Amino acid sequence: MWKLTLVSISRRPFNRVSPGARIVYLVPAACFSVRANSCGPSDNADDCAGLVAFARATANSTYPLPWKMDGKTSLCTWYGVACDAKGRATNLELAGAGLSGFFPTEVGLLTSMQIFELYENKLSGTLPTEVARLTALQELPLADNHLSGTVPTEVGLLTALTHLDLSFNDWSGTLPAEVGRLTELDRLYAYTNA
């Protein structure tokens, strides 16, 4: 992804500079990532981007996440986050944390995530299709939130999933047939929905 930046070689504003006096720079979007002021220097960039996006998507919660995103503190020390020996975020355990907001598409960057435990919060909206990238995910308890829409068919790509709890939300429709592909699934709850 590239970001287009117009830079004038004149001190005059753009509307007074002839088109030939402009220089166009294409700069990789990664140069503008949240990493610079968010996570520790040795943290995985994707984990950082995914977790920071989640924190921003839930920033208006009654109790916002107390994560110290100062560019020095490792995300592995953040409340509710656990990491493996390689420093990858593997668990996000924030059940009953008073979170409201939504799931940003950037959760798909958390590819080492094994436990995504967010039941008993006030999360709303849909589960993004990018969840399909979480192929290491084993537990996804999302009960007792305000999630709505249909359960995305991409949930069927989470082949390591053993626990899926979608109960007490506002889901509509039926579970996608792709859930039948989850051969490791031993706990599935989807009762009390719209």
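Structural remarks
- Cα shape, region 77-159, gyration tensor, a/c 1.5 rule: oblate
- Short-range pairs are left out: with C-alpha atoms under 8 Å and at least six residues apart, the relative contact order of region 88-159 is 32 percent.
- Full-stretch length increase - GLU178, SER148 - with 0.36 nm per residue and alpha-carbon distance subtracted: 8.9 nm
- Protection proxy ranking for 51-59, 79-87, using the average of other Cβ atoms within 10 Å per residue and placing the highest first: 51-59, 79-87.
- Share antiparallel - DSSP beta bridges, region 66-194, percent rounded to 5: 15 percent
- Shape call, region 95-137: gyration tensor on alpha carbons, a/c limit 1.5: oblate
- Accessible area of region 39-194 belonging to carbon and sulfur atoms, whole % at 1.4 Å probe: 50 percent
- Inter-label distance, nm, simple model (7 Å from Cα along the C-beta direction), ASP84/ALA160: 0.6 nm
- Probing with 1.4 Å while keeping every protein chain in the model, the per residue accessible area of region 116-194 equals 47 Å².
- Rounded, prolate or oblate (a/c below 1.5 giving rounded, otherwise prolate when a/b exceeds b/c) for region 51-194 by Cα gyration tensor: oblate
The values are calculated or read from the model by the stated rules, or taken from the named source; none is laboratory data. In this text, all values refer to a predicted model and were calculated from it rather than measured experimentally. Cβ: placed from backbone, ideal geometry, glycine included. Neighbour counts: every protein chain shown. The area values use the complete protein model at the heavy-atom level, side chains included, leaving out ligands, DNA and RNA. Shrake-Rupley method; radii C 1.70, N 1.55, O 1.52, S 1.80 Å.
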